[in-house]
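**Student:** This structure is in C-alpha cells; I'll ask about it shortly.
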Amino acid sequence: MMEIWVEIRWDPSPITEEWVEELTRRVLRAMNLEEAQVSVSVVGDDEMARLNGRYLGRPWTTNVMAFSQMEGEAGSLSPNLLGDVVICGDTCLREAEEAGMDFRERFLELLVHGILHLLGRDHEGDEKERNSMEKEEEMIVSKVHEDWLRTPENDPHFPR
C-alpha cells in the first residue's frame with residue numbers, strides 16, 4: 001500500500017498538503033511504485049540552506065534535496081521506504097517565474113527529480129547519466145499530465 005507523508009513548512013504557501021499528497025500519489029503511480037512509502041516536505045530558503053549546508057556542505061539554498069532510505073545497510077529492512085524529498089518553495093517559485101511557467105508545473109518537475117534521486121538516479125556524473133535522468137523525468141511528468149487529464153474533476157489542481 002502506498003504511503004505518503006507531507007509537511008509544508010513554507011509560509012505563505014500557494015499549495016496544500018492535500019495537493020502535494022495527490023500529486024505525489026500520481027507520480028508514484030506513473031513510476032509503477034504502488035507500494036512506495038515517501039515523505040515530502042516543502043520548506044523556505046533559510047531551512048533549505050541549513051539542510052544543504054549540514055548534509056552536503058553547501059551552505060546555500062537549492063531547489064530539491066533527496067534523502068534516500070534505500071541505500072546502505074538499512075535499505076533492505078523496509079524495501080518500500082524510498083526516503084524523504086525536500087523541495088524549497090522559494091526556489092521553486094523563482095525558477096518557475098524565470099522560466100515563465102506555473103509554480104505547480106515546476107513543483108511537479110522537482111518532485112519527480114527528487115523521487116528519482118531516492119531511487120539512485122544521478123545527474124552529476126557523466127553526460128549520459130544526466131541525459132538519461134532528464135528523459136526519465138520528462139516521461140514521468142508526461143504520464144502524470146495524462147493521468148490528470150483523464151480525471152477532469154481534478155483539473156483545478158492540475159499542475160500547469
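**Student:** Report yes if residue 64 is within 24 Å of residue 1 (Cα to Cα), among the hydrophobic types (A, V, I, L, M, F, W, C) and touching a helix residue (DSSP H, G or I) at 6+ places or on another chain (Cβ under 8 Å), otherwise no.
**Tutor:** no
**Student:** Return the only residue of 140, 87 being in a strand (DSSP E or B), surrounded by 12 or more Cβ atoms within 10 Å (Cβ to Cβ) and modelled with pLDDT of 85 or more.
**Tutor:** Checking each option against the conditions leaves just 87.
**Student:** Within the set of pairs 6+ apart or on separate chains, which have a first residue in region 89-106 that is touching a residue at least 24 places away in the same chain (Cβ under 8 Å) and farther than 14 Å from residue 10 by Cβ, a second that is charged (D, E, K, R) and part of a helix (DSSP H, G or I), and C-beta atoms under 8 Å apart?
**Tutor:** 95/106
**Student:** Are any residues in region 23-47 among the polar types (S, T, N, Q) and either in a helix (DSSP H, G or I) or closer than 14 Å to residue 112 by Cα (or both), and if so, which ones?
**Tutor:** 24, 32, 39, 41 - these are the residues of region 23-47 that are among the polar types (S, T, N, Q) and either in a helix (DSSP H, G or I) or closer than 14 Å to residue 112 by Cα (or both).
**Student:** Same structure again: Return the pairs, sorted by first residue and then second, in which the second residue is outside any strand (DSSP E or B), the first residue lies in region 28-44 and is free of Cβ contacts under 8 Å to residues at least 40 places away in the same chain, the beta carbons are less than 7 Å apart, and the residues are 6+ apart or on different chains.
**Tutor:** 34/2
**Student:** If we keep just the residues of region 94-105 that are in a helix (DSSP H, G or I) and over 14 Å from the mean Cα position of the chain (by Cα), which is surrounded by the fewest Cβ atoms within 10 Å (Cβ to Cβ)?
**Tutor:** Residues of region 94-105 that are in a helix (DSSP H, G or I), as a first pass: 94-99, 103-105.
If we keep only those that are over 14 Å from the mean Cα position of the chain (by Cα) as well, we get 94-99.
Values: 94: 16, 95: 17, 96: 18, 97: 12, 98: 9, 99: 11.
This residue is 98.
**Student:** Kindly establish whether residue 22 is surrounded by fewer than 19 Cβ atoms within 10 Å (Cβ to Cβ) and under 13 Å from the mean Cα position of the chain (by Cα). Walk me through it before giving the result.
**Tutor:** Details: surrounded by fewer than 19 Cβ atoms within 10 Å (Cβ to Cβ): yes; under 13 Å from the mean Cα position of the chain (by Cα): yes.
So residue 22 fits the description; yes.
The values are calculated or read from the model by the stated rules, or taken from the named source; none is laboratory data. Remember, it's a predicted structure, so these values are computed and weren't measured experimentally. All Cβ positions, even for glycine, are placed from backbone atoms using ideal geometry, and neighbour counts span all protein chains on display.
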